[in-house]
Amino acid sequence: MHTAFSNLSKLARSVEDTRIAGEVASITGLTLTVTGLTRALGIGERCMVAGRHGPVMGEVVGLGPDGTHVLPFGSWDGVAAGVAVTACDAGDLIRPDASWVGRVMDALGRPLDGGGPLHDGPEARRVRAGPPPAFQRRRVGDRLDTRIKTFDIFTPLCRGQRMGVFAGSGVGKSTLMAMLARNAQADVIVIGLVGERGREVQDFIQQDLGEEGMSRAVLVVSTGDEAPLMRRQAAWTATAVAEHFRDEGKQVLLLVDSVTRFAMAQREIGLAGGEPPTTKGYPPTVFAELPQLLERAGPGNAGGAGDITGLYTVLVDGDDMNDPVADAVRGIMDGHVVLDRRIAEGGRYPAVDLLKSISRMLPDCHSGAEYAVLQAARRLLAKYYDMEELIRIGAYKPGSHPETDAAIRFFEPVEAFLRQRKHEALHVNEAFAEVYRLLGEAGIQVELGE
C-alpha cells in the first residue's frame, strides 16, 4: 500500500501544471505543522506556504502523526492556520559558473552585491551532498604558501588539508581569514560567512578583503538575523561552490566562518523538530552533520580534479577549548590553530598560540632544513614559557642554564618578527631565513643537513 501511494505521488508530480497541496494545521514557535502532504513530501524537501505578505518557502524537517513539520527560510509572519501549503520543485540545487568569482550571494544563491543576476552554469549541483569516497581520493598535496609567518613556519597548510581555527570572540579570526584570502596561493577562494554580524559584512569585503581579495573570491553570506535554515544552508552552498571549482581542476581555498554558528543553526533546527537536547543543548544531529560538512573538503579524486583546502573557524564559548563543538571539530580536522586572547592583548597578531597549534601534515610538508629550524624554535619557546614566571619576577639568575638563556634572548626578537599587519605578506623562504638568523643570534646553531 505504501509503495502504491509513493508511486501515485511521483506520478502526480510528473503531470504538467499540477500542484500537490495541503494546509497549515498549527504553528508553534518556528515549527509549522501541515496536513495533507505527509505522503507527498519527505525530509529535506521544500514547499511554499501562502501568507498575507507573500509566499514563504519552507523545508520539511520532521514527520509525525499530526502531520508534516516545516521550518521557514524566512519567518512565518502573516501565515495563518488553514492557508494553502504547496509542494514545490525548488530543490537544493545551484548552478555555479566561472562568472560567480568576484560576486556576493545569499545562502540560496541569490545575488546580494547589486551586480545583476548570477549567470547559471550548465551543470546543476546539489547543495547538500555526501563526501567523496575515501578510496577515490588522492593524498594531501604540497605545501600551500599563505605568506603568513606563523602559519608557514609553525602550522603549515597543504593542498587538500582541513584546518580548524579556534578562538573566542574578538581575537582576530575574521582578519586572519581575510589575510589568507588575499595571500594564499590558490586559484579560487570561496568564503562562507555563516551567521555573520550584518554590520561587519561590508567591512569584511571592503576593508579586509579589498579589491585584491575579491578579484578571485566567491562570498556566500548569511547574517545572524536570518532563519536557522539559511545559516545552515550558507555553509552547504559555499561547500558546493568550492566543489564545482575543484571538479574543474582548480586549487580552491574554502574559508567558513564559523562552524560554531552552523552547529547553532542545526541545534535550533533539531530542537524545533523535536530532537532531545544532549551535551550543552546540542541534539544528536549536530554531531552527525559536522563530519558530513567537513569531510566534503579535502583532496580531489585520483582522476585529476583539483583540491579543496578548508579552513573552518570555531568560536569557542568563553575561550573553552573543550566546548563540545570544538572538541568534535578538532577530531575531524587535519590540524588546529589556537588563537589566544592573552597573546592578542599583548599586541601580537595573528594571535596564534604556537605551542598549542599543530598541523598534522608535519613533518612531511617541511624540508629537512625547515623542520630543523621549526624544532629549534619550538624548543626555545617551550623553554621560555616553562620558565616565564620565574623570569618575570626575577627569580631566574642569568647563566644558570644555557638553553634558558638562549630562550630569553630568542623570545622578544621572534615575537616582534611574528607580528604581522593584515596587509603584510612574506614569502615562506624569507620567513624561515629570518627565524634561522634569530636562532643564531640567540646562540643556537641549527644543523640544516642537506
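Couple of notes before you dig in:
- Within the option set E59, E45, E23, being within 22 Å of V127 (Cβ to Cβ) and touching a residue at least 60 places away in the same chain (Cβ under 8 Å) holds for one residue only, E59.
Residue by residue, here is whether (1) more than 26 Å from G141 (Cβ to Cβ); (2) of a type in the set (A, V, I, L, M); (3) open to solvent by less than 40 Å² (accessible area, probe 1.4 Å); (4) in contact with a Ser or Thr (Cβ under 7 Å, 6 or more places away or on another chain) holds:
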residue: N322; (1), (2), (3), (4): yes, no, no, no
residue: D334; (1), (2), (3), (4): no, no, yes, no
residue: D340; (1), (2), (3), (4): yes, no, yes, no
residue: R348; (1), (2), (3), (4): yes, no, yes, no
residue: R378; (1), (2), (3), (4): no, no, no, no
residue: E388; (1), (2), (3), (4): yes, no, yes, no
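- Cβ-Cβ distances below 7 Å connect the following pairs, each with a first residue in the range 248-266 that is touching a residue at least 12 places away in the same chain (Cβ under 8 Å) and in the same structural domain as T175 (by the TED database), a second residue that is among the basic types (K, R) and part of a loop (DSSP other than H, G, I, E, B), and a separation of six or more residues or different chains: Q251/R159.
- Only listed residue being under 30 Å from G164 (Cβ atoms), without any contact (Cβ under 8 Å) to a residue 24 or more places away in the chain and aliphatic (A, V, I, L, M), chosen from I391, I343, I358: I343
- Within the range 290-299, tally of residues that are in a helix (DSSP H, G or I) and open to solvent by less than 20 Å² (accessible area, probe 1.4 Å): 3
- Count of the range 413-440 residues which are touching a helix residue (DSSP H, G or I) at 6+ places or on another chain (Cβ under 7 Å) and open to solvent by 70 Å² or more (accessible area, probe 1.4 Å): 1
- All conditions in (1) part of a loop (DSSP other than H, G, I, E, B); (2) over 16 Å from G300 (Cα atoms) hold for R139, with the sole exception of (2).
- I191 among the β-branched types (V, I, T), assigned by the TED database to the domain that holds T237, farther than 17 Å from R147 by Cα and over 16 Å from the mean Cα position of the chain (by Cα): no
- Scan the range 80-123 for residues that are of a type in the set (A, V, I, L, M, F, W, C), open to solvent by 20 Å² or more (accessible area, probe 1.4 Å) and either outside any loop (DSSP other than H, G, I, E, B) or modelled with pLDDT of 90 or more (or both) and the total you get is 10.
The values are calculated or read from the model by the stated rules, or taken from the named source; none is laboratory data. No experiment lies behind these values; they were computed from the predicted model shown. Positions of Cβ are backbone-derived with ideal geometry, glycine not excepted, and every protein chain shown enters the neighbour counts. SASA here: full protein model, heavy atoms, side chains in, ligands and nucleic acids out. Shrake-Rupley method; radii C 1.70, N 1.55, O 1.52, S 1.80 Å.
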